[in-house]
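The values are calculated or read from the model by the stated rules, or taken from the named source; none is laboratory data. Every value quoted in this text rests on a predicted model; they were computed, and no experiment measured them. Here Cβ is always computed from backbone atoms with ideal geometry, including for glycine, and neighbour counts include all displayed protein chains. To get the accessible areas, we keep the full protein, side chains included, count just its heavy atoms, and leave off ligands, DNA and RNA. Shrake-Rupley method; radii C 1.70, N 1.55, O 1.52, S 1.80 Å.
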Amino acid sequence: MAQFNPDERKPLLSGGVGDTSSPKPVALRREIVDDMEETGMKKKEKSSAFSGKTGLVVVCILMTELCERLTYYSVVANLVLFCTSKLDIPSSDAANISLVFSGTVYLIPVVGGYISDSYAGKYNTILGSGLIYLLGLFLLPASAIDYTGWFGKDDEGAEYDLSIETRKAYFFMGLVFVAIGTGGIKANVGPYGAQQVNDLGPEAVQSFFNWFYWFINAGSLVAYSGVAYIQQNISFTIGFIIPLASMIVALIIFVAARNMYINNAVGGSILSKAFGVCTATKCRGFKTARKDNGGPYSNEMVDGVIAVLRVLPVFLLIIMYWAVYSQMQSTFFLQSERMNVMVGDVKMPAAVLNIFNTVIILVLIPIIDRGIYPLLAKYGRSPSHLQRIGLGMILAALSVVVAGVLEIYRKQELSESGGIIQELADDKFNASTLSVFLQVPEFALVGASEVFASISGLEFAYSEAPEFMQGLVMGLFLMTSGIGNYVSTLILVIVKAASTGDPWFPDEINEGKAEYLFFLIGGLMVVNFLVFLIIAKLYKTRASIEQKPELLSDPIMDKKHIEYEPGYHDNPLATDTKM
């Protein structure tokens, strides 16, 4: 891992680059630890305590993330409905637009992580991305405004209004800026928060990521309940102004703590150095790239590249998980539109089922963080990151199977009763009389899977990356979500092309066999999980490699620089007491 001078760890935008007016962050961190030691706290207890200025910084980052996620999910909550009702786009195309947008959002973090690691630093990258984000958020309400209702007619009696094509242009340009902005933030805000508590130990980092994810879903809860309701039943204009205001609040909160953040020195072009390391090996092993053996690169840089290469197989197998996850905003949403959304006289938003995805996360995280994980650790049975990711994959597979079973019963009931005509925004659907809340199990299963697969994936990416590559590695992890959305889109395209005679997924899903699509995706997830078991069995964590005395039998590692940790399990799917 690269070593940084503590005097270099200063806020980047607090009155100028390298401003020395702020407190020395490392000295502050030592002061907090010393205070804990004076009160007789043990090391493990200190690692999970966020107090004083550290606690304030963590709260600012968590609140920033809450507001940013409220913003993002307010944009995607009814994206399909906006496309179909306001932009006259067919349902299947709208689903693909949603998937492509979400996929792009999670591809951009690779660039955001590279920029922060190599040039700008995490603080500057987050702030700059937020400003780009705002450009897109101004364009979205511009695409939805009823200009005639707001401005009436001109002196000649002509209505002020935009054509559908102009509205589409505003909307898609807005989505581009939103994707760039949120992508740049996502790669850095999680590692930046963990960086603030890193000196307090691994348990503090784990606790931070648990609560980081909790705040993500708190923002999601507000978006999928209140904002989604406003968009569907009152006005998309107001529904798009709310996320704009939320993002402004996020940036204000983030900047407010600028003098208290810990900032690591920027290490130059990390990506170009990584490619240089790979080139310098000349297919003869990484030892040829090390300065110790006459190569041009330091041991830290070579080890960092090796660490990235070792996590790639795990990341590749997480892609299919995200393909399943993305069904919530596409196929699950289309299913919701064609079920009864009425509760008494109240028309619930079709996106309301995402609340149950969120609620299960908000409930499970405190239980697991404060109850289950500490209890398992007490008995030496703490699950590893990869164990938890595997459990998340199983739950995700179950969610689409449940969706497929429900789809069979939904269409059967629709055929028998004739259904009801249901109007959402300006669209009308022939919907089953079955309540939309029958979808709760499929959304809750995805939520439960996130607690294990997504949170553990974030921890895994952070813990396996050297400090000077954390932004890049986190970007690669988030990229798996983006590729997962594209994989989901590809599956839909292939299914539509292969089932033209007896369509599984036509524009009107009442006339198709969407249940076959759900079962197909579930089957692919099961196959993916079986391959994941093999990779996980072979994987050895960075901590174990650095500390065990035996040599690692790994063809991509330089054996002269590899050591195991005594007592550490070779199989991360076996009981792991070190996490």
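Within the stretch 389-434, the set of residues being among the β-branched types (Val, Ile, Thr) and under 30 Å from Lys537 (Cα atoms) comprises Ile389, Ile394, Val400, Val401, Val402. Scanning the stretch 319-327 finds one or more residues that are within 30 Å of Ile534 (Cα to Cα), open to solvent by 30 Å² or more (accessible area, probe 1.4 Å), assigned to a helix (DSSP H, G or I) and at pLDDT 85 or above. Contact map, the stretch 203-214: first residue open to solvent by 20 Å² or more (accessible area, probe 1.4 Å), second residue part of a helix (DSSP H, G or I), Cβ cut-off under 7 Å, separation 6 or more or different chains; pairs are Glu203/Lys44; Glu203/Ser47; Gln206/Glu459; Trp211/Leu62; Trp214/Leu362; Trp214/Ile365.
Of the residues making up the stretch 498-516, just one is crowded, with 19+ Cβ neighbours inside 10 Å, small (Gly, Ala, Ser) and not in a helix (DSSP H, G or I), namely Gly512.
Scanning the stretch 517-545 for residues that are under 20 Å from Met339 (Cβ atoms) and either of a type in the set (Val, Ile, Thr) or open to solvent by 70 Å² or more (accessible area, probe 1.4 Å) (or both) gives Phe519, Ile521. List every residue pair whose Cβ atoms lie under 9 Å apart, where the two residues are 6 or more positions apart in sequence or sit on different chains, the first residue falls within the stretch 522-541 and is closer than 19 Å to Ser384 by Cβ and without any contact (Cβ under 8 Å) to a residue 60 or more places away in the chain, and the second residue, located anywhere, is of a type in the set (A, V, I, L, M, F, W, C) and open to solvent by 40 Å² or more (accessible area, probe 1.4 Å). So the pair list comes out as Lys537/Leu573. On inspection, Glu450 fails the criterion of being open to solvent by 10 Å² or more (accessible area, probe 1.4 Å) and either farther than 25 Å from Thr125 by Cα or at pLDDT below 90 (or both). When Phe315 is tested against the conditions (1) open to solvent by less than 10 Å² (accessible area, probe 1.4 Å); (2) of a type in the set (Phe, Trp, Tyr); (3) free of Cβ contacts under 8 Å to residues at least 60 places away in the same chain, the lone failure is (3). Would you mind stating whether Ile241 is of a type outside the set (Phe, Trp, Tyr), out of contact with any Lys or Arg (no Cβ under 9 Å at 6 or more places or on another chain), open to solvent by 40 Å² or more (accessible area, probe 1.4 Å) and without any contact (Cβ under 8 Å) to a residue 12 or more places away in the chain? Taking the combined requirement at face value, the residue does not satisfy it. If only residues of the stretch 279-288 that are modelled with pLDDT under 75 and on the phi < 0 side of the Ramachandran plot are counted, the one that is farthest from the chain's Cα centre (by Cα) is Arg284. From the list Asp154, Asp117, the lone residue that is at pLDDT below 80, over 21 Å from Ser74 (Cβ atoms) and open to solvent by 30 Å² or more (accessible area, probe 1.4 Å) is Asp154.
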